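The values are calculated or read from the model by the stated rules, or taken from the named source; none is laboratory data. Nothing here was measured: the structure is a model prediction, and the numbers come from that model. When we count neighbours, we look across all protein chains shown, and the Cβ atoms used for this are built from the backbone with ideal geometry, even at glycine. These area figures cover heavy atoms from the full protein model, side chains too; ligands, DNA and RNA do not enter into them. Shrake-Rupley method; radii C 1.70, N 1.55, O 1.52, S 1.80 Å.
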Amino acid sequence: MNNFNLKRIYNTRNYIETHYNQIISINALEDISSYSYRNLQRVFYSLFQETIGAYQTRLKVENGYKKLLYSNKQVSDIALEIGFADVQSFSKTFKKHFKCSPSAARNQKEFLLNDFHPKELIVSILEPEIVFVPEITAYYSSCKTSYINPEIETLWDSLLENEIAEPISDYFGIITDDILITEKSKCTYEACIVTEAIIRNLPTKKLFGGRYARVFHHGSYETLEDTYQQIFGAWFLSNNFEISHLPVIEQYIKNDSNCKTPADYLTAIYIPLI
């Protein structure tokens, strides 16, 4: 598949992501992708190993799970927000996907977070800065990864091979999925760049446009997990903030393009808030 066709498929997936809780018409998908729906289904599955319907359903229940873990909203309100007609249909689909009810998942919140981010590994409690970040547009490319694999480096190498006429002003990584919730084989990372240049073979997407808790990580990416331990294993459980279902975003302020050693890297981690 050439880059232009791939861009259209990514634009289609991005449309599904941003409208996952709505009824998405076949005509809308055909208009964005320029494929017939039958061919779009075939290409979508070959790239992402999911049908369009299964992908939208997964987005619904996984975003519902995030809301159960990270917000205090009523289960009935969450069901409507993520596109289910009522709490019964949400509960049935959720239980089929996760093998437990929404209320049981919520009751396991502290156990899950403490188990995945054990407190004995936390040396200090961070105090994030609460900031409003305006919406920006970025070019991006994505890959399947569990966030600790070399696929991310390969993705960045491939993205930066593009001939870009103008300087890159910002580098971002989108942590699309929560590994407490999403199967590792389905987790997605997106490498994003912001530039005044026009890159015709890359898709674009909107980033930010809301309130975030910002934490700075100093040093190598290999120790990023330590900072996430402090965010979710200590700060979140010790405060009353509610986290949005939107992705976590990393901004690579000092990276290998402007630093000599990984010890000098500076990464801002943005946790989306309600």
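Residues in the range 209-223 that are under 22 Å from Glu127 (Cβ atoms), without any contact (Cβ under 8 Å) to a residue 60 or more places away in the chain and either under 19 Å from the mean Cα position of the chain (by Cα) or outside any loop (DSSP other than H, G, I, E, B) (or both): Phe216, His217, His218, Thr223. Does Ala54 satisfy the criteria of being over 23 Å from Lys184 (Cα atoms) and at pLDDT 95 or above? In short, no.
Of the residues in the range 198-208, at least one is within 24 Å of Leu273 (Cβ to Cβ), assigned to a loop (DSSP other than H, G, I, E, B), modelled with pLDDT of 95 or more and open to solvent by 20 Å² or more (accessible area, probe 1.4 Å).
Within the range 132-171, the set of residues being β-branched (Val, Ile, Thr), part of a loop (DSSP other than H, G, I, E, B) and closer than 23 Å to Asn11 by Cα comprises Thr145, Ile164.
Looking only at the range 182-194, filter to residues that are open to solvent by less than 20 Å² (accessible area, probe 1.4 Å) and either among the hydrophobic types (A, V, I, L, M, F, W, C) or part of a strand (DSSP E or B) (or both); which one of those is farthest from Ile152 (Cα to Cα)?
Per the stated criteria, the residue is Ile193.
Only a single criterion out of (1) within 23 Å of the chain's Cα centre (by Cα); (2) part of a helix (DSSP H, G or I) is not satisfied by Asn21, namely (2).
Within the range 14-72, if we keep just the residues that are over 28 Å from Val87 (Cα atoms) and β-branched (Val, Ile, Thr), the residue that is most open to solvent (accessible area, probe 1.4 Å) turns out to be Ile32. Look at (1) open to solvent by 30 Å² or more (accessible area, probe 1.4 Å); (2) in contact (Cβ under 8 Å) with a residue 40 or more places away in the chain and you find that Thr261 fails only one, number (2). No other residue among Leu237, Leu273, Leu266 is at pLDDT below 95 and either in contact with a His (Cβ under 9 Å, 6 or more places away or on another chain) or crowded, with 16+ Cβ neighbours inside 10 Å (or both) apart from Leu237. Scanning the range 58-96 for residues that are touching an Asp or Glu at 6+ places or on another chain (Cβ under 8 Å), farther than 22 Å from Glu110 by Cβ and touching a residue at least 24 places away in the same chain (Cβ under 8 Å) yields Arg58, Leu59.
Among the residues making up the range 65-81, those that are assigned to a loop (DSSP other than H, G, I, E, B) and either under 16 Å from Ser101 (Cα atoms) or small (Gly, Ala, Ser) (or both) are Ser71, Lys73, Gln74.
Restricting attention to the range 24-39, which residues are over 23 Å from the mean Cα position of the chain (by Cα) and assigned to a helix (DSSP H, G or I)?
Ile26, Asn27, Ala28, Glu30, Asp31, Tyr37, Arg38, Asn39
When Asp226, Asp178 are checked against the criterion of being crowded, with 18+ Cβ neighbours inside 10 Å, charged (D, E, K, R) and in contact (Cβ under 8 Å) with a residue 12 or more places away in the chain, a single residue qualifies: Asp178.
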